[in-house]
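Enquirer: Pasting in a structure now, in structure tokens, and then I'll have a few things to ask.
What follows is calculated from the coordinates using simple rules that are stated; it is not laboratory data. Please read all numbers here as calculations on a predicted model, not as lab measurements. Please note: Cβ atoms are built from the backbone with ideal geometry, for glycine as well, and neighbour counts cover all protein chains shown.
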Amino acid sequence: MFDINHIRAQFPILNEEVNGKPLVYLDNAATSQKPISVLNAWEEYYKTINANVHRGIHTLSQLATEAMELSRQKIQRFINAQHDYEVIFTKGTTEGINLVAYALTNQIKPNDEIIISYLEHHSNIVPWQMLCERTGAKLRVIPMDKSGILQIDVLEEWLGEKTKIVAVNQVSNALGIVNPIEEIIEKTRRLSNAYVLIDGAQSAPHFKIDVQKLDCDFFVFSGHKMYGPMGTGILYGKESALENLQAFHGGGEMIAVCSFEKTTYAGLPFKFEAGTPNVGGNIALGAAVDFIENIGHENLQNHENDLLNYAQKKLLEIDGLKIYGEKADRTGVVSFNLEGAGIASDTGMILDKLGIAVRTGHHCTQPIMDFFNIAGTVRASFAVYNTFEEIDILTEGVKKAQRMLV
Ligand SMILES: *Cc1c(COP(=O)(O)O)cnc(C)c1O
């Protein structure tokens, strides 16, 4: 049974008022709110077992280690990884992608090719540009059509011996478009030996993820966008792919033996977890996984689809409102502009006065904005606790903005 009131009751922040109005939080693609169970897991850790992990013989250190490793196993099951040591704790998607891009450096030669798509977040563009600068490799970008649909036929021509990495997101944060990653992975496997990295920052909060079925080499996501704490994230890597990577950060925790002459590295996952991790955050991320699984993926996805369809229908009733990527398969996001209403942030400011939190601007995806020849959009993005009434409030707010601005 899906009980929206029961779900909302778990999020204290949803009772807050903003500018004298009940909060309508529709900026979930930037970060989601956190349920009590996640807050409690974090607080419990600090109140009862705070200690550094993996190094202490004393009881608290062992309890902290056990709790964090239990969380790693929850995440392993959440994404159906084969082994728990294929799950690396990071501080977010950005760090995960940078880790892989850096640690691949010695496998890339001049004129090798890295393929990304037009629909990427800056954090799945810039680390690859930096890798190209270090190595002389070339970046190729899968084009998209006017509906925001990736033109993946080019891959038949592009993929080959030179291709070393294909890195794409599963869901676009700017437009909510669901990309055909299964086909992209299939083509990559058939036509090259390239690694595949999936940016799952916007899919892990919404979809059931199965990294073995997908057959990707790397899958990265952020804890804070899926009801977990800020400063948490996951890099999944297939064992063989992770074994082939150079180390990233050097330091404590990641060594087997360290001397001034030579250092040998620890095995997975510790090779990629140098230094003291965010123990409380990583434990609380496990609680976020429990929260999603208690609701159930099917319930969650059905509700979010209903919200998206309803929002799209209501917003399109407004004359002069354009939704970007309207015709594409989408999840969780409507990204739009009001004709003649000036810059998106003007609309955002009026909505804020009404207690409605949306994102405005380029959403860390300037190439997409350039493609549509706009400076930015207004983006409303949904989570499992959002309601149809909130979408009505949004629609009325947008109408008010139109009356004031156009
Ligand atoms: C948010 C986001 C990122 C960056 O995630 P951080 O948590 O800021 O590191 C990367 N890709 C996509 C698609 C995102 O939505």
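Enquirer: What list do you get for Met68, Met349 if you sort them by fewest beta carbons within 10 Å?
Expert: Listing Met68, Met349 from fewest to most nearby Cβ atoms yields Met349, Met68.
Enquirer: Something else about it: Could you line up Thr377, Thr365, Thr395, Thr48 from fewest to most neighbouring Cβ atoms inside 10 Å?
Expert: Thr48, Thr395, Thr365, Thr377
Enquirer: For region 127-201, which trypsin sites (Lys or Arg not before Pro) are in a loop by DSSP, counting at most 11 other Cβ atoms within 10 Å?
Expert: Answer by residue number: Lys146.
Enquirer: Now for a separate question. Restricting to the chain, compute how many DSSP beta bridges are antiparallel as a %, nearest 5.
Expert: Roughly 60 percent of the DSSP beta bridges within the chain come out antiparallel.
Enquirer: Amide H neighbours of Val171 under 5 Å, counting only residues 5+ apart in sequence or on other chains, H built in-plane at 1.01 Å?
Expert: When sequence neighbours closer than 5 places are left aside, the close amide H contacts are Asn179, Gln202, Ser203.
Enquirer: Within a 10 angstrom radius of the beta carbon, how do Thr263, Thr163, Thr31 rank from fewest other beta carbons to most?
Expert: Starting with the residue having the fewest Cβ neighbours, the order is Thr263, Thr31, Thr163.
Enquirer: Suppose R0 equals 51 Å; then what is the FRET efficiency for Glu326 and Cys258 from their Cβ-Cβ distance, rounded to the nearest 0.05?
Expert: Efficiency for this residue pair is about 0.35.
Enquirer: Let me ask you something else. Between region 132-207 and region 213-233, what is the separation of their alpha carbon centroids in Å?
Expert: One Cα centre to the other: 17 Å.
Enquirer: I'd like the distance separating the alpha-carbon centroids of region 237-278 and region 296-367, in whole Å.
Expert: Result: 42 Å between the Cα centres.
Enquirer: Shifting gears a bit: For region 112-122, just list the computed ³J(HN,Hα) in residue order, Karplus coefficients 6.51, -1.76 and 1.60, θ = phi - 60°, integers in Hz, with x standing in for Gly and Pro.
Expert: 3J(HN,Hα) across region 112-122, in whole Hz: 5, 10, 10, 10, 10, 10, 5, 8, 7, 6, 3.
Enquirer: In addition: Pop out the ³J(HN,Hα) list for region 269-274 in order, Karplus 6.51 cos²θ - 1.76 cosθ + 1.60 with θ = phi - 60°, rounded to Hz; leave Gly and Pro as x.
Expert: After applying 6.51 cos²θ - 1.76 cosθ + 1.60, I find x, 5, 3, 10, 10, 5 Hz.
Enquirer: Arrange the peptides 382-394, 121-133, 281-293 so that the one whose residues have, on average, the most other Cβ atoms within 10 Å appears first.
Expert: 281-293, 382-394, 121-133
Enquirer: For the chain, with only Lys/Arg (+1) and Asp/Glu (-1) charged at the beta-carbon, what is the dipole magnitude about the Cα centre, in debye rounded to 20?
Expert: For this selection, approximately 540 debye.
Enquirer: What is the sum of charges, Lys and Arg at +1 and Asp and Glu at -1, for the other residues whose Cβ falls under 14 Å from the Cβ of Ile350?
Expert: Neighbourhood net charge equals +2.
Enquirer: Given axes a ≥ b ≥ c from the Cα gyration tensor, I'd like to know whether region 189-260 is rounded (a/c under 1.5), prolate (a/b larger than b/c) or oblate.
Expert: Taking the square roots of the gyration eigenvalues as a ≥ b ≥ c, region 189-260 is oblate.
Enquirer: Quick one: putting +1 on the C-beta of Lys and Arg, -1 on the C-beta of Asp and Glu, what dipole do you get for region 191-316 around its Cα centre, in Debye to the nearest 20?
Expert: In total the dipole reaches around 300 debye.
Enquirer: Starting from the Cα gyration tensor of the chain, take the square roots of the eigenvalues, sort them a ≥ b ≥ c, and report rounded, prolate or oblate (rounded when a/c is under 1.5, otherwise prolate if a/b is larger than b/c, else oblate).
Expert: It is oblate, given that a/c is not under 1.5 and a/b is not larger than b/c.
Enquirer: Specify which residue in the list Asn278, Ala194, Ala29 is farthest towards the positive end of the charge dipole of the chain, using unit charges on the beta carbon of Lys, Arg (+1) and Asp, Glu (-1), about the Cα centre.
Expert: It is Asn278.
Enquirer: Oh, and also: Of the listed peptides 175-184, 56-65, what is their order by residue-averaged count of other C-beta atoms within 10 Å, with the highest listed first?
Expert: Sorting 175-184, 56-65 by mean packing, highest first, produces 175-184, 56-65.
Enquirer: OK, next. Could you give the dipole magnitude of region 94-225 about its Cα centre, charging the beta-carbon of Lys and Arg +1 and that of Asp and Glu -1, in debye to the nearest 20?
Expert: Computed about the Cα centre, the dipole is about 200 debye.
Enquirer: Which of the aspartates and glutamates could be linked to Lys353 by a straight reach, that is with a Cα gap under 20 Å, when you skip same-chain ones fewer than 8 residues away?
Expert: Once the sequence-local aspartates and glutamates are set aside, what remains near Lys353 is Glu16, Glu17, Asp27, Glu389, Glu390, Asp392, Glu396.
Enquirer: I've got another one for you. Roughly speaking, what is the centre-to-centre gap between region 47-93 and region 377-406 when only Cα atoms are used, to the nearest Å?
Expert: Cα centres, region 47-93 to region 377-406: 40 Å.
Enquirer: Sorted by packing (mean other beta-carbon atoms within 10 Å per residue), highest first, where do 220-233, 98-111 land?
Expert: Highest mean packing first, the order is 220-233, 98-111.
Enquirer: Report the local net charge at Arg134: Lys and Arg +1, Asp and Glu -1, summed over other residues whose C-beta lies under 14 Å from its C-beta.
Expert: +1
Enquirer: In region 225-283, with Lys and Arg counted as +1 and Asp and Glu as -1 at Cβ, which of these residues, Gly250, Phe260, Pro229, has the Cα nearest the positive end of the dipole, that is, farthest along it?
Expert: Comparing the listed Cα positions along the dipole, Pro229 ranks first.
Enquirer: Hey, another quick one. Using a cut-off of under 20 Å, list every residue of region 55-93 whose amide N is near the label point 7 Å from the Cα of Asp215 along the Cα-to-beta-carbon line.
Expert: Correct set: 79-83.
Enquirer: Another question about this same structure. Students often get this wrong, so check it: of Lys21/Lys225; Lys74/Lys238; Lys187/Lys271; Lys238/Lys271, which have C-alpha atoms separated by over 20 Å?
Expert: Lys21/Lys225; Lys187/Lys271
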